[in-house]
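What follows is a single structure, written as structure tokens, with notes after it.
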Amino acid sequence: MVLFGVIRILLAEDVALLRSALVGLLSLEDDLQVVAELASGALIVPTALEVQPDVAVLDIDLPDLDGLTAAERLHERLPGCRVLILTGLNQPGQLRRALAAQVAGFLPKDVQHAELTGAIRIVASGGRVLDPALTAAALDASASPLSHRETLVLRMSATGASPGEIAENLFLRPGTVRNYLTSATVKLDARNRVDAIRIATEAGWI
């Protein structure tokens, strides 16, 4: 929690032009300092452990590792770093998942400059900032029917990982992974695994 002084920010955004614009805008503020700018989600945790930011501003849709998964891992490894998620998608399930990951801020990418800098200051001081429209949509949306394991397995399958690779990563048997994929497909009333991934992704459940 930052009460006084300069707020150290780690910024992760894969679109170079937008990332540069955000760095430029944040650098105009005397109390904000971008200490790392990244284009890959996989670099968030190791970089944060190195530079020790106060706030991580993360795009939700990053290559290698999505922003929400990175936020979950960052909370485990560096709980003192507060996370503010920026999203270009209106998927209510993502906000539910963000809250479960202890994310402190969740805003749309088209937020105004003053709103973003204000949100960073609130998050750094220990507060929480949630976009009202996204919050209302999340309250109206149904919760995910998937179990924690089904969610993990389907999320990894969406990256192209094979059942064998998923099993090795989660310390499961390949047959168990296939069972989870089948049960997730059934619960989502999907035609197949690809359709299940589409449904869960559009709902923001994975």
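Details
- Here A161 fulfils each of the conditions (1) outside the structural domain of Q33 (by TED's automatic domain parsing); (2) surrounded by 15 or more Cβ atoms within 10 Å (Cβ to Cβ); (3) in a helix (DSSP H, G or I) apart from (3).
- Candidates V111, V153, V123, filtered to the one that is crowded, with 18+ Cβ neighbours inside 10 Å, in the same structural domain as R73 (by TED's automatic domain parsing) and closer than 21 Å to D61 by Cβ: V123
- Residues in segment 1-24 that are within 22 Å of the chain's Cα centre (by Cα) and within 21 Å of Q112 (Cβ to Cβ): 13 in all.
- The conditions of being outside the structural domain of L152 (by TED's automatic domain parsing), β-branched (V, I, T), touching an Asp or Glu at 6+ places or on another chain (Cβ under 6 Å) and over 23 Å from E202 (Cα atoms) are not met by V51.
- Scan segment 184-205 for residues that are under 18 Å from T69 (Cα atoms) and of a type in the set (S, T, N, Q) and the total you get is 1.
The values are calculated or read from the model by the stated rules, or taken from the named source; none is laboratory data. Quick caveat, the model's predicted, so the values are computed rather than measured. Virtual Cβ from ideal backbone geometry, glycine too; neighbours counted across all protein chains shown.
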